[in-house]
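The values are calculated or read from the model by the stated rules, or taken from the named source; none is laboratory data. Because the structure is a prediction, the values reported are computed rather than measured. So basically every Cβ, Gly included, is an ideal-geometry build from the backbone, and we count neighbours across all protein chains shown.
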Amino acid sequence: MDLGLWIEWIVKAIILIVVLLIGFMYLTYMERKFLARFQNRYGPNRAGPVGLLQPMADGIKLIFKEEVIPKQADKLIFILAPVITVIPAWVILAVIPLGSIQLFGRTIDFSLAGDLNVGILYIMAVTSISVYGIVLAGWSSNNKYALLGGIRSSAQMISYELALGLAFVGPAMMASSLSLARIVEAQSKTVWFAVLQPIGFVVFLVAALAEINRSPFDMPEAEQELTAGYHVEYSGMKFAMFMLTEYTKMIVVSVIAATLFLGGYHFPFLTDRWPWLGPLVLFAKVIILLFGIIWVRATLPRVRYDQLMALGWKVMLPAALLNVFITAGVMYVLGMIA
Amino acid sequence: MDEQTAVPFIDVTREVDLAARFPEAVIVDVRKEYEGYIVNRDRLIEVATAIRDELGYDYLSSVTGVDYLPDGVMEVVYHVYKMTGGPGLVFKTQTPRDEAVVPSLVPVYPGADLQEREAWDLLGIRFEGHPDLRRILMWEGFAGYPLRKDWQEAYFEEEGKPFKNRWPDGQVYRIEDKNPYENNVQYPADFIPEEYEPENDALLYDSLKRSIRGRDPELETDVVMVNMGPQHPSTHGVFRIAVALEGEKIVALKPVMGYLHRNHEKIGERNTFLQNMPYTDRLDYLSSLSNNFGYALAVEKLMNVRPPERAEYLRVIMAELTRISNHIFAIGTFLNDLGAYFTPALYAIKERELILDIFEATTGSRMMCNYFRFGGVTRDLPEGIAEKIHRLVYDRLPQKVDELDLYLTNNEIVRSRTEGVGVLTAEQAIAYSAAGPVLRASGVPYDIRRADPYSIYDRFEFDVAVRYHGDTYDRYLIRIDEMRQSLRILQQAIKDLPEGSIQEGKPQYQVRVPAGEAYGRVEGPKGELGYYVISNGKPNPWRYHVRAPSFINLTGYETMCVGNKVADVVAILGSIDIVLGETDR
């Protein structure tokens, strides 16, 4: 194969991981700072100017923490579980299209595999894997809270993945492609799919909150009931891995939402003239979505487990199905499909 | 319909004469300054049933024991009230000290459950027929009954304070220097402390298994026992809930308490009367001024003094401010228990802070106020504070209460989490001796400030807040209602605040309390807070018992929880609003 392509891939992969890691660190900072403002207080402001070094301090603290492994735990799985959760969260980003520029006489795509023709299927497949990590973490800890958290989480993921998957179908139908790059292109020709697919967009946002275990669906780690749920026995860097997963998934889900429904790296007029702005435009959209996620956390109490299930199966799934039918019907009437 | 008509008509105005009704089983208590009746213990259940059904005293407020060491007698004291209001009735039963056995009143008044366990644990009175007579506050393997008068604690010094000089001849000594195993720790002869391994909770788990109910007969499942606590983020302290789960559903639940037990009552009996005042602060440490109030009332009954007018007003102002600060905090933490990430709690704490500022300016302390004295209060309002209270209760707080109401009450998730959850019917609430907001949310409009007015509450215009569903949502709503009513009282009190002295007679360190018994009770923020005090004329109380609402409200906790989900355990506990300092005493 072409050596240049290899170098390009490696450089892009490293950049992506570094961006994600820094994104994780500063997302924790952003969340703490915003939550604090929502709650009438200052938030971290001691480490560095306006607390900007707080994530480093947290990281250093976690590295020096004792790694406790319970005596009765299944050691191998206990150690493996955080790894199983964290890897899928990272590899999803490979298929997100970030736009491209002409450089050195060739087209350089900012993303790793943005043009993958089964991009949506890839996302669906990979996100489902990380639930194994959570279930295994809960089971291997030999702790009842952890087990309850793990069980809750598997039931929740299964219920909400259906709605999430069906929410993907709308944009895919409208773009007539499973490739994320095509979906973004289709949006740049018409309008954002959030406008054309309002039900799909809402279903996606709610299901995504459940998928990443964020408030008000943070059942598996419900502090008030299960102390910390599946990661109650984890400490030190293993605990940090779970946190890393949670925040990385927040970023990833926001990126997917922005790509599928908010035009991805494309912004009318702006990116048409300056294509190199693509990643920055996406970044801005992601920040806005992340702010929304944090806002929800500061505002809403948690729903109960059975209510969560009822919402998933009785409201979300029918709504998502309905959305697919309506989309198909309208497209048929307009003659967009045969 | 037939069942209802079968209930005998209760004439609430009828004069009580228990001794005439049971001539051979009941005698009038004729000891000086004592009241009520002494019931023969063999016929206790019969008499208690008659008191409940014929005389209409349907609410058992307090059960406690008293050790009359010189007479060789143990006495169990019951305080009962009518839910329609009015003064109460006291009846007692006696049993020899060496073999203290009394029939349990749980079949008549289920609210006696936890209180009888407490009397068994601390005084060694066995309640025959009690369904679940286990230790409750002391730990498994503890030897002796600490509230008995011949029991002495480790590092025992003297019977009562003030202790003798610890600097005899200018030489300091510490009581801790004495070997604790010398002669004041009692343990069985064959007991070796170094090799002691605590018993497990076999009794607790047995009891939990016995009370499993509501299982699905068609599903073959395993029941999982989960211990929530004592280290758990939502038990508001060191409280433990042993639950049996079927999936996420609760099939049995037992509260386990005593992790914060310090034998408040024994300390109280060593202290002088006045020294107990700061100790009461530590019961419900969120509402110290209400605690002071109850204790001051009980001792004032014994001393037969009444505070001057201005002091009465100051007491009411402080007690009602305490109620608001407690309720606003309770609502904040309750939302936390529902899973709202601290936002409502922090907004609530902000308002509570303003009230604490007033406490600090007036009493010198934000939480441990120690403000009441027998026949008055310690300090007058400093300059400017009356205006500050005025601004607070007329402008700021009504607005903030409305704000809480606006943002929380109709929140979709709050409603779906709380409506119809943890229901306690009016009959159950009365039977389980629930008090305060828990009782009133179940549709029983019983507020001591109205039903049996103390201090000057009969002068103010306010409504008794009442809600009728008895679920978690109503227990939340009732706190909003009560804050509004408290604000009404405060607005009247601060307007009419008279000038004058704040202490009857001159302030004293050592008060003379004549012999006798008294039960003083107030409507604390968490419910009926009662103090049963017996004096024998000495500087220290002979018996000092606290009827703690946080403790007794837990009697119905299992009934509220069974059949609900794990998440509801936490929400229901939050809606009962307990403080462990008071629960464990």
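When the residues of the range A:47-58 are filtered to those that are in contact (Cβ under 8 Å) with a residue 24 or more places away in the chain and buried (at least 16 other Cβ atoms within 10 Å of the Cβ), the one that is nearest to the chain's Cα centre (by Cα) is A:P55. The set of residues in the range B:336-353 being of a type outside the set (A, V, I, L, M, F, W, C) and either at the interface with chain A (Cβ under 8 Å from one of its Cβ atoms) or not in a helix (DSSP H, G or I) (or both) consists of B:N336, B:D337, B:G339, B:Y341, B:T343, B:Y347, B:K350. Scan the range B:543-558 for residues that are in a strand (DSSP E or B) and among the aliphatic types (A, V, I, L, M) and the total you get is 1. If you go through the range A:236-282 and keep only what is under 14 Å from A:P97 (Cα atoms), surrounded by fewer than 23 Cβ atoms within 10 Å (Cβ to Cβ) and modelled with pLDDT under 80, you end up with A:F267, A:T271, A:P275, A:W276, A:L277, A:P279.
Consider the range B:425-477 and keep the residues that are aromatic (F, W, Y) and assigned to a loop (DSSP other than H, G, I, E, B). The one that is nearest to the chain's Cα centre (by Cα) is B:Y432. With the structure loaded, tell me whether A:F78 is out of contact with any Lys or Arg (no Cβ under 9 Å at 6 or more places or on another chain) and modelled with pLDDT of 85 or more or whether it fails that test. So A:F78 fails the test. For the subset of the range B:535-571 comprising residues that are within 14 Å of another protein chain (Cβ to nearest Cβ) and within 18 Å of B:V256 (Cα to Cα), which member is modelled with the lowest pLDDT? Checked the range B:535-571; the qualifying residue modelled with the lowest pLDDT is B:V566. Can you tell me which residue in the range B:354-375 is surrounded by the most Cβ atoms within 10 Å (Cβ to Cβ), limited to those that are part of a loop (DSSP other than H, G, I, E, B) and hydroxyl-bearing (S, T, Y)? Looking at residues that are part of a loop (DSSP other than H, G, I, E, B) and hydroxyl-bearing (S, T, Y), I get B:Y371.
Condition (residue is in contact with a Gly (Cβ under 8 Å, 6 or more places away or on another chain), within 30 Å of B:E309 (Cα to Cα) and not assigned by TED's automatic domain parsing to the domain that holds B:Y81) applied to the range B:421-430: is it met by at least one residue? Within the range B:421-430, not a single residue is in contact with a Gly (Cβ under 8 Å, 6 or more places away or on another chain), within 30 Å of B:E309 (Cα to Cα) and not assigned by TED's automatic domain parsing to the domain that holds B:Y81. Counting residues in the range B:314-323 that are in a helix (DSSP H, G or I), within 14 Å of chain A (Cβ to nearest Cβ) and of a type in the set (D, E) gives zero.
Report, by residue number, each residue of the range A:121-144 that is over 17 Å from A:P82 (Cα atoms) and aromatic (F, W, Y). Across the range A:121-144, the qualifying residue is only A:Y122. Any chance you could count how many residues in the range B:227-252 are in contact (Cβ under 8 Å) with a residue 60 or more places away in the chain, within 12 Å of chain A (Cβ to nearest Cβ) and either within 18 Å of B:M138 (Cα to Cα) or in contact with a helix residue (DSSP H, G or I) (Cβ under 6 Å, 6 or more places away or on another chain) (or both)? Adding up the residues that qualify gives 4. Please verify whether B:P255 is at pLDDT 80 or above, farther than 30 Å from B:P539 by Cα, more than 14 Å from chain A (Cβ to nearest Cβ) and buried (at least 17 other Cβ atoms within 10 Å of the Cβ), treating the condition exactly as stated. In short, yes. Suppose we keep only residues that are in a helix (DSSP H, G or I) and either at pLDDT 70 or above or of a type in the set (S, T, N, Q) (or both) within the range B:162-176. Which one would you say is nearest to the chain's Cα centre (by Cα)? Looking at the filtered set, the residue picked out is B:P168. Of all residues in the range B:265-279, those satisfying the criterion of being touching a residue at least 24 places away in the same chain (Cβ under 8 Å) and touching a Gly at 6+ places or on another chain (Cβ under 9 Å) are B:E269, B:R270, B:N271, B:T272, B:Q275, B:N276.
All conditions in (1) of a type in the set (A, V, I, L, M); (2) within 14 Å of chain B (Cβ to nearest Cβ); (3) free of Cβ contacts under 8 Å to residues at least 60 places away in the same chain; (4) touching a helix residue (DSSP H, G or I) at 6+ places or on another chain (Cβ under 8 Å) hold for A:A310, with the sole exception of (4).
Would you say B:A319 is over 22 Å from the mean Cα position of the chain (by Cα) and in contact (Cβ under 8 Å) with a residue 24 or more places away in the chain? Criteria not met by B:A319. In the range A:27-36, the qualifying residues are those that are away from every other protein chain (no Cβ under 11 Å) and free of Cβ contacts under 8 Å to residues at least 24 places away in the same chain, and the one that is farthest from the chain's Cα centre (by Cα) is A:K33.
With respect to B:V414, determine if the residue is in contact (Cβ under 8 Å) with a residue 12 or more places away in the chain, over 26 Å from the mean Cα position of the chain (by Cα), assigned to a helix (DSSP H, G or I) and buried (at least 23 other Cβ atoms within 10 Å of the Cβ). It is true that B:V414 is in contact (Cβ under 8 Å) with a residue 12 or more places away in the chain, over 26 Å from the mean Cα position of the chain (by Cα), assigned to a helix (DSSP H, G or I) and buried (at least 23 other Cβ atoms within 10 Å of the Cβ). Is one or more of the residues making up the range A:129-138 in a loop (DSSP other than H, G, I, E, B) and at pLDDT below 80? Scanning the range A:129-138 turns up no residue that is in a loop (DSSP other than H, G, I, E, B) and at pLDDT below 80. The range A:193-283 holds helices (runs of 4 or more DSSP H) entirely within its bounds, and those carrying 1 or more residues that are over 18 Å from the mean Cα position of the chain (by Cα), farther than 17 Å from A:L20 by Cα and more than 14 Å from chain B (Cβ to nearest Cβ) map to A:193-196, A:198-211, A:236-261, A:270-273. Quick check: anything in the range B:445-452 closer than 27 Å to B:V566 by Cβ, touching a residue at least 24 places away in the same chain (Cβ under 8 Å), buried (at least 20 other Cβ atoms within 10 Å of the Cβ) and not hydroxyl-bearing (S, T, Y)? Scanning the range B:445-452, I find no residue that is closer than 27 Å to B:V566 by Cβ, touching a residue at least 24 places away in the same chain (Cβ under 8 Å), buried (at least 20 other Cβ atoms within 10 Å of the Cβ) and not hydroxyl-bearing (S, T, Y), so the answer is no. Taken together, the residues in the range A:313-338 that are within 14 Å of chain B (Cβ to nearest Cβ) and either touching a residue at least 60 places away in the same chain (Cβ under 8 Å) or not in a helix (DSSP H, G or I) (or both) amount to 0. Of the residues A:S153, A:S159, which is farther than 30 Å from A:L270 by Cα and within 14 Å of chain B (Cβ to nearest Cβ)? None of the others qualify; the one that does is A:S153.
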